[in-house]
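S.K.: First the structure, which I've put down as structure tokens, then a few questions once you've had a look.
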Amino acid sequence: MIRKATRSIQKTSHFHVMVKPIGAICNLDCTYCYYLEKEHLYPEGEPFRMPWKVLQSFIRQYSAAHKHLPEIHFAWQGGEPTLLGLDFFERAVALQRKYQPAGCRVTNSIQTNGVLLDDAWGRFLKEQGFLVGISIDGSPDLHDRYRVDKGGRPTFDRVARGLEILQRHKVEYNVLTCVHRHNGDHPLEVYRFLKSLGARFIQFIPVVGRASPTSSAATSISVGAEQYGRFLTSVFDEWFYNDVGQVFVQTFDVALGIWALGQASLCVFDETCGRALALEHNGDLYSCDHFVDPAHRLGNINETPLLALLEDPRQQAFGRAKGETLPRFCRECEVLEMCSGGCPKDRILQTPDGESGLNYLCAGYKRFFTHCRPAMARLAALRKARQPAGQLMQLIQAEEVKARPRIGRNDPCPCGSGRKYKKCCLVS
């Protein structure tokens, strides 16, 4: 199958900006974090706090650019945005109200490590309707392997306290889990642990770092491609038989959307890039959160209007390049419709015939999307028939359990972990 990218971001009516109001400054020192080094893009001693003028300019321009839509969504990340304190976000919300177009609903999300959350934060986030993403990599031993503070100390207990604050104040939240070399071998342990914390909305983000800026080798803590495929398929099977309609895993929801509607709600699996930009603390706008570097700096919103930067020919070329630079190996792949070649930042390998541009996670994506294809077809058909989620799961369980092969307690686990069934997926 050969497919060309057909979508254009030219004069798009919808785009998203990830706001970094504190730049790369963080109170943690996660080993795999790709953003901490971005601090060095700016002069030493620069105050990494978005000035009032920049904040006001962005909210005004971003609101005006989305005035024809029913909802305007602001996404705050870092670094660690809670380091700015509540007063910053109180002012941001006030500005949003000031520039809110008639008939538009304004929403906010914030990604945090949770360490600084307290009751004051909990009250504010609830009152203002923030969606909070909180980062947890699994049980304490898995989480604390790489998510440490500036002194190298574990952080799980402090993050768990932050999560408890969100739950106590009934703040809407999801959990973001980075999948790396260490926790990647424990998919069901991670998934079940997150559920035990009360998480019902989960994102799994693969850790892929280059050994050097020009290297085709990944860092030693990066998740393996096959390892990531096993992780996703194992969690998918657990979710499919037990949690459909009760737990929502972003990758599975996106896959279902592609299968049922032909649309990817996540840029990683979309045909083109360029509609998800990153705004640094001083107003610098970059092509993408993963391409915050001098080559992808589009300009500054205090000097050039936001929409003009979005429509800059360089950004248009950046968006098209995702589809136009796909190697033939990808364009002829049976799962291209699902993965679209993955995120360009991870295209660091060569294809078997020596062409550059193969995604590091290719083997994992192929494993997962091939594995989930029959189930996605069933889910899409039942979704189209408007079956309630509870009934959907009952139908799937009743029909699929009959088709399962009989597995002995001492047989290898079908999830591919290499452990015996009784020591792996049979364990509740």
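The values are calculated or read from the model by the stated rules, or taken from the named source; none is laboratory data. Note that the structure is predicted; figures quoted are calculated from it, not measured. A quick note on method: Cβ atoms are made from the backbone with ideal geometry, for glycine too, and the neighbour counts reach across all protein chains shown. Calculation scope for accessible area: heavy atoms of the full protein, side chains included, ligands and nucleic acids excluded. Shrake-Rupley method; radii C 1.70, N 1.55, O 1.52, S 1.80 Å.
S.K.: Out of curiosity, is L309 at pLDDT 95 or above, touching a strand residue (DSSP E or B) at 6+ places or on another chain (Cβ under 6 Å) and of a type outside the set (S, T, Y)?
M.R.: Numbers: at pLDDT 95 or above: yes; touching a strand residue (DSSP E or B) at 6+ places or on another chain (Cβ under 6 Å): yes; of a type outside the set (S, T, Y): yes.
Judged against the criteria, L309 is a match.
S.K.: Would you be able to say whether some residue in segment 255-271 is among the polar types (S, T, N, Q) and either touching a strand residue (DSSP E or B) at 6+ places or on another chain (Cβ under 8 Å) or under 18 Å from H371 (Cβ atoms) (or both)? Break it down into steps so the answer makes sense when it comes.
M.R.: Step one: of segment 255-271, the residues among the polar types (S, T, N, Q) are 263, 265.
If we keep only those that are either touching a strand residue (DSSP E or B) at 6+ places or on another chain (Cβ under 8 Å) or under 18 Å from H371 (Cβ atoms) (or both) as well, we get none.
Within segment 255-271, none of the residues are among the polar types (S, T, N, Q) and either touching a strand residue (DSSP E or B) at 6+ places or on another chain (Cβ under 8 Å) or under 18 Å from H371 (Cβ atoms) (or both).
S.K.: Okay, next question. Can you tell me which residue is nearest to F236 (Cα to Cα) among those in segment 189-217 that are among the aromatic types (F, W, Y) and under 19 Å from the mean Cα position of the chain (by Cα)?
M.R.: Y191
S.K.: Could you figure out which of (1) at pLDDT 95 or above; (2) outside any loop (DSSP other than H, G, I, E, B); (3) over 18 Å from L188 (Cα atoms) isn't true of S220?
M.R.: The number of the failed condition is (2).
S.K.: Being open to solvent by 90 Å² or more (accessible area, probe 1.4 Å) and among the basic types (K, R) is the filter here; which residues of segment 34-59 pass it?
M.R.: Step one: list which residues in segment 34-59 are open to solvent by 90 Å² or more (accessible area, probe 1.4 Å), which gives 34, 37, 40, 44, 47, 49, 52-53.
Result: R49, K53.
S.K.: Among (1) surrounded by 22 or more Cβ atoms within 10 Å (Cβ to Cβ); (2) at pLDDT below 95, where does Y228 come up short?
M.R.: (2)
S.K.: Scan segment 60-82 residue by residue and report those that are part of a helix (DSSP H, G or I), open to solvent by 40 Å² or more (accessible area, probe 1.4 Å) and not aliphatic (A, V, I, L, M).
M.R.: Taking segment 60-82 as the starting set, the residues that turn out to be part of a helix (DSSP H, G or I) are 60-65, 81-82.
Narrowing the set further to residues that are open to solvent by 40 Å² or more (accessible area, probe 1.4 Å) leaves 60, 64.
Once the filter is applied, which keeps residues that are part of a helix (DSSP H, G or I), open to solvent by 40 Å² or more (accessible area, probe 1.4 Å) and not aliphatic (A, V, I, L, M), segment 60-82 yields only R60.
S.K.: Related question: Between L326, L336, L266, L261, which is open to solvent by 30 Å² or more (accessible area, probe 1.4 Å), of a type in the set (A, V, I, L, M, F, W, C) and within 22 Å of L358 (Cα to Cα)? It would help to see each step written out before you state the result.
M.R.: Values: L326 fails: open to solvent by 30 Å² or more (accessible area, probe 1.4 Å); L336 fails: open to solvent by 30 Å² or more (accessible area, probe 1.4 Å); L261 fails: within 22 Å of L358 (Cα to Cα).
Checking each option against the conditions leaves just L266.
S.K.: How do the strands (runs of 3 or more DSSP E) wholly within segment 274-390 filter down when requiring 1 or more residues that are not aliphatic (A, V, I, L, M): which remain? Before you say what the answer is, go through the steps one by one.
M.R.: Working: elements: 276-279, 284-286, 297-300, 356-358.
By residue number, 284-286, 297-300, 356-358.
S.K.: Keeping to segment 9-59, report how many residues are in a strand (DSSP E or B) and in contact with a Pro (Cβ under 6 Å, 6 or more places away or on another chain).
M.R.: At the first step, the residues of segment 9-59 found to be in a strand (DSSP E or B) are 16-19, 28.
If we keep only those that are in contact with a Pro (Cβ under 6 Å, 6 or more places away or on another chain) too, we end up with none.
Residues meeting the conditions: 0.
S.K.: Ok, one more. If you go through segment 341-368 one residue at a time, how many are charged (D, E, K, R), touching a residue at least 60 places away in the same chain (Cβ under 8 Å) and open to solvent by 30 Å² or more (accessible area, probe 1.4 Å)? Break it down into steps so the answer makes sense when it comes.
M.R.: Quick first cut of segment 341-368, residues charged (D, E, K, R) only: 345-347, 353, 355, 366-367.
Still in the list and also touching a residue at least 60 places away in the same chain (Cβ under 8 Å): 345-346, 366-367.
Next, only the ones that are open to solvent by 30 Å² or more (accessible area, probe 1.4 Å) stay: 345, 366-367.
Going through segment 341-368 one residue at a time, the tally reaches 3.
S.K.: Go through F236, F252 for me and flag whichever is buried (at least 21 other Cβ atoms within 10 Å of the Cβ), within 16 Å of the chain's Cα centre (by Cα) and assigned to a helix (DSSP H, G or I). Give the steps one after another, and end with the answer.
M.R.: Values: F236 fails: within 16 Å of the chain's Cα centre (by Cα).
After applying the criteria, what remains is F252.
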